[in-house]
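One structure is given here, and the rest of the page talks about it.
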Amino acid sequence: MADNWDDDEFPDALVVLDDPEFWSCLEEAEQLVRPLCLASFMLQHDNNTLSDVTFCFQQLFDAFSTSSYSETLTGLLEKRWADCEQPLFMLAFALDVKRLEVLNQLPARVVDELTNFALLYYRKLFDKDAPSIKGEMSEWINGKYISSGKCTKDFEGLETPPLAAFWQVAKGTKMRHGRNFALCELALSIFAMGVNTATCERYFSELALIHTARRNRLAAEKARKLLLFDDKYGNASFGEESRWSRKSGS
């Protein structure tokens, strides 16, 4: 191609391919798009957890903060993060066994906050106190709460999602040994919380609606019912003769 740069018939639109700045910008764009693609891939599954969402935030922030557009991009990301219930999201991230190695690097102040979050949400979700949960959370962060070697890969292929299965086994082990298991109950409740799932997105897609806060005013349950109604009655208005026309005698 380089031999044809001076050709009169060479397309002007392709001249940019000889510009080093173009390739530099393209490489930077790739670095920004990659975590967005990862987040899109991860969050289109039905069994997403709050930990998965938090992980995506982390990956996006790491990519955006090193970009020449960091001020704008991180500002948008922080605005979205500010709309989340941050203590709950961080607690979910901390209770994900896949992130356990990260917890060992946390400063003591953050560890204290996480133990406080654990107590706060246990009270909130179960409407009772759990004096042992701060100690359980501390043991979890320090890698002493369960026997080493267990991971979510041991529970793949089951009907129960891997994280829930992991904490169910942990709870059963604690109960058999007469140990406190409040943290297991908390983790199971948190990982039972749904995020915007692929199923929900498919409902809106089939209704030809855009799933955004600004343009979509339908609650998920209402959208589900509309879809079911459309499946049952949507074809009644079409075809040679509908049930409504038969009823009216037309």
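Numbers below:
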| read-out | value |
| --- | --- |
| Contour excess over end-to-end distance, with Cα ends at Lys124 and Gln105 and 0.36 nm allotted per residue | 4.0 nm |
| In order through region 42-50: 3J(HN,Hα) via Karplus (6.51 cos²θ - 1.76 cosθ + 1.60), integer Hz, x for Gly, Pro | 5, 8, 8, 8, 6, 9, 5, 10, 4 |
| 18 Å reach of a label modelled at Ser132, 7 Å along Cα-to-Cβ, counting backbone N of region 75-119 | 115-116, 118-119 |
| Cα convex hull of region 49-197 - mean projected area over all directions, nm² | 10.1 nm² |
| Linear extension gain, Thr173 paired with Glu27, 0.36 nm per residue minus alpha-carbon span | 47.6 nm |
| Integer Hz, Karplus 6.51/-1.76/1.60 couplings in order for region 178-193, x for Gly and Pro | x, 9, 5, 9, 4, 5, 5, 4, 5, 4, 4, 5, 5, 7, 7, 6 |
| Where labels lie 7 Å past Cα in the beta-carbon direction, separation of Val16 and Leu43 in nm | 2.8 nm |
| Table column - 3J(HN,Hα) (Hz), region 125-130, Karplus curve with 6.51, -1.76, 1.60, x for Gly and Pro | 7, 10, 6, 7, 8, 9 |
| Three-way shape label, region 23-66, alpha-carbon gyration tensor, a/c 1.5 | oblate |
| Out-of-range pairs (alpha-carbon distance over 19 Å; input Lys79/Lys124; Lys144/Lys174; Lys124/Lys144; Lys98/Lys128) | Lys79/Lys124; Lys124/Lys144; Lys98/Lys128 |
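Any read-out appearing in this document is the output of simple, stated calculations on the displayed coordinates, not a laboratory observation. Note that this is a predicted model, so its numbers are computed, not measured. In this analysis, Cβ positions are derived from the backbone assuming ideal geometry, glycine residues included, and neighbour counts consider all displayed protein chains.
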